[in-house]
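Q: Please see the structure below; I have some questions.
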């Protein structure tokens, strides 16, 4: 995807990718008709090896990738794996799932859930539709006071997806994620995520989730390597994930370098400036942290909050800015749910032990998903010797990092 629209010689692109051949193609849809063209090019000489066009009905689309792959394999004089028995997939159900997935990645979880439900209603035996519903409830569990109902549904729908198609990597990943957050069962969740990777070694999302599990288990260097693999497979999906893995491992300079490299190409991405603010805070560089926080708020279109943070910092330093953030959380909590973990994070930055512990205990009673990474977050390091903090770690069943 990094070469989409690039006007560069194909042999040069192939050399950068380390490949001998490049597959080019296009796909277009009109109503229930699909037209696909594919051509295989020998990279060093920039010559065509093979080209083909396919015209299909939308309901026959599921077999098209396998058909093309088999033909390409024959042209390369290599053997492709025998295809799995084709499964009928309703075009309308698949469209609904794709709409839902697009919205889910855009952070519009409630809208995504409606499309995932539609997919399962249109085709009740469509495993990906149930994966989508599992992911919807999994994300919903992060933003409700009592996540038990959402977590139970996430697990039930993930199990259903696996039962419908045990060969589907997405289904095993959804199940691994639900067990991880719902059951706090590290071994079983790792087994499911590993199974997803076995089914699709290039499944970037599965490598990413494996990295998160390893971070929770304090296996920091393994987590970094797993995230590097995920980023290598899909550099555009989660560009913030590798810097975050470095922060969790307390490798702040590596996190800073990785983030600054990203900002060079996307200087107006608010997410990266938020990440920079976090890294600078961890390094004790509060003035730079505030500057990046202001930039993040401005790029997000919230100039009023950016000005408020600046004034609070000018009046009372970094403490003033965090006090302002606490006041905003309290206002928000009057009309909608705010996790106690969010309050704990602010109190921790202020070094307020009692308020931090009380909020963490509240998050534990609510089974808040964010708690799983409480040992990864540097702001809580000052609590490692506290017995109340350690009791939460034991209650979750995490290996202690202290």
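The values are calculated or read from the model by the stated rules, or taken from the named source; none is laboratory data. If you're wondering where the values come from, they're calculated on a predicted model, not measured in any experiment. Here Cβ is always computed from backbone atoms with ideal geometry, including for glycine, and neighbour counts include all displayed protein chains.
Q: Does residue 361 satisfy being outside the structural domain of residue 182 (by TED's automatic domain parsing), surrounded by fewer than 14 Cβ atoms within 10 Å (Cβ to Cβ) and out of contact with any strand residue (DSSP E or B) (no Cβ under 6 Å at 6 or more places or on another chain)?
A: Details: outside the structural domain of residue 182 (by TED's automatic domain parsing): yes; surrounded by fewer than 14 Cβ atoms within 10 Å (Cβ to Cβ): no; out of contact with any strand residue (DSSP E or B) (no Cβ under 6 Å at 6 or more places or on another chain): yes.
No: the conditions fail for residue 361.
Q: So, of the residues in region 298-344 that are under 26 Å from the mean Cα position of the chain (by Cα), closer than 22 Å to residue 377 by Cα and free of Cβ contacts under 8 Å to residues at least 40 places away in the same chain, which turns out to be surrounded by the most Cβ atoms within 10 Å (Cβ to Cβ)?
A: 344
Q: (1) in contact with a strand residue (DSSP E or B) (Cβ under 8 Å, 6 or more places away or on another chain); (2) within 24 Å of residue 92 (Cα to Cα): which one isn't true of residue 13, the others all being true?
A: (2)
Q: Can you list the helices (runs of 4 or more DSSP H) found entirely within region 163-229 that contain at least 1 residues being under 21 Å from residue 249 (Cβ atoms) and in contact with a strand residue (DSSP E or B) (Cβ under 9 Å, 6 or more places away or on another chain)? Spell out how you get there, then give the answer.
A: Working: elements: 169-178, 186-199, 204-216.
In region 163-229, there are no helices (runs of 4 or more DSSP H) which contain 1 or more residues that are under 21 Å from residue 249 (Cβ atoms) and in contact with a strand residue (DSSP E or B) (Cβ under 9 Å, 6 or more places away or on another chain).
Q: Quick check on residue 68: is it surrounded by 12 or more Cβ atoms within 10 Å (Cβ to Cβ) and within 30 Å of residue 174 (Cβ to Cβ)? Walk me through it before giving the result.
A: Working: surrounded by 12 or more Cβ atoms within 10 Å (Cβ to Cβ): yes; within 30 Å of residue 174 (Cβ to Cβ): yes.
Here the answer is yes, as residue 68 does meet what is asked.
Q: Let me ask you something else. Does residue 138 satisfy the criteria of being part of a helix (DSSP H, G or I), in contact with a helix residue (DSSP H, G or I) (Cβ under 6 Å, 6 or more places away or on another chain), modelled with pLDDT of 95 or more and over 19 Å from residue 338 (Cβ atoms)? Spell out how you get there, then give the answer.
A: On the way: part of a helix (DSSP H, G or I): yes; in contact with a helix residue (DSSP H, G or I) (Cβ under 6 Å, 6 or more places away or on another chain): yes; modelled with pLDDT of 95 or more: no; over 19 Å from residue 338 (Cβ atoms): yes.
So residue 138 does not fit the description; no.
Q: Related question: Among 211, 237, which is surrounded by fewer than 18 Cβ atoms within 10 Å (Cβ to Cβ), in the same structural domain as residue 131 (by TED's automatic domain parsing) and under 14 Å from the mean Cα position of the chain (by Cα)?
A: Criteria check complete, one pass: 237.
Q: Where in region 240-333 are there helices (runs of 4 or more DSSP H), lying wholly inside it, with at least 3 residues that are modelled with pLDDT under 95?
A: 252-265
Q: Further question: Quick one: in region 340-384, which of the residues that are modelled with pLDDT of 95 or more, in a loop (DSSP other than H, G, I, E, B) and out of contact with any helix residue (DSSP H, G or I) (no Cβ under 6 Å at 6 or more places or on another chain) is nearest to residue 250 (Cα to Cα)?
A: Taking the candidates together, the pick is 377.
Q: Please give the number of the condition residue 142 fails out of (1) in contact (Cβ under 8 Å) with a residue 40 or more places away in the chain; (2) buried (at least 20 other Cβ atoms within 10 Å of the Cβ).
A: Residue 142 satisfies every listed condition except (2).
Q: Follow-up. What are the residues in region 110-135 that are in a helix (DSSP H, G or I) and out of contact with any helix residue (DSSP H, G or I) (no Cβ under 7 Å at 6 or more places or on another chain), if any?
A: Scanning region 110-135 gives 110, 114, 121.
Q: Something else now. Which one of 100, 107 is in contact with a helix residue (DSSP H, G or I) (Cβ under 8 Å, 6 or more places away or on another chain) and either assigned to a loop (DSSP other than H, G, I, E, B) or more than 25 Å from residue 366 (Cα to Cα) (or both)?
A: Numbers: 107 fails: in contact with a helix residue (DSSP H, G or I) (Cβ under 8 Å, 6 or more places away or on another chain).
The match here is 100.
Q: Any idea which residue in region 385-399 is surrounded by the most Cβ atoms within 10 Å (Cβ to Cβ), counting only those that are in contact with a helix residue (DSSP H, G or I) (Cβ under 8 Å, 6 or more places away or on another chain), in contact (Cβ under 8 Å) with a residue 40 or more places away in the chain and part of a loop (DSSP other than H, G, I, E, B)? First the steps, then the outcome.
A: Step one: of region 385-399, the residues in contact with a helix residue (DSSP H, G or I) (Cβ under 8 Å, 6 or more places away or on another chain) are 386, 388-389, 392, 395-398.
Narrowing further to those that are in contact (Cβ under 8 Å) with a residue 40 or more places away in the chain: 396-398.
Subsequent filtering for residues that are part of a loop (DSSP other than H, G, I, E, B) retains 397-398.
Numbers: 397: 10, 398: 19.
Here the answer is 398.
Q: Since residue 24 meets every condition but one in (1) under 32 Å from the mean Cα position of the chain (by Cα); (2) farther than 30 Å from residue 123 by Cα; (3) exposed (fewer than 12 other Cβ atoms within 10 Å of the Cβ), which condition does it not meet?
A: Unmet condition: (3).
Q: Please verify whether residue 248 is in contact with a helix residue (DSSP H, G or I) (Cβ under 7 Å, 6 or more places away or on another chain) and under 24 Å from residue 205 (Cβ atoms), treating the condition exactly as stated.
A: The answer is yes for residue 248.
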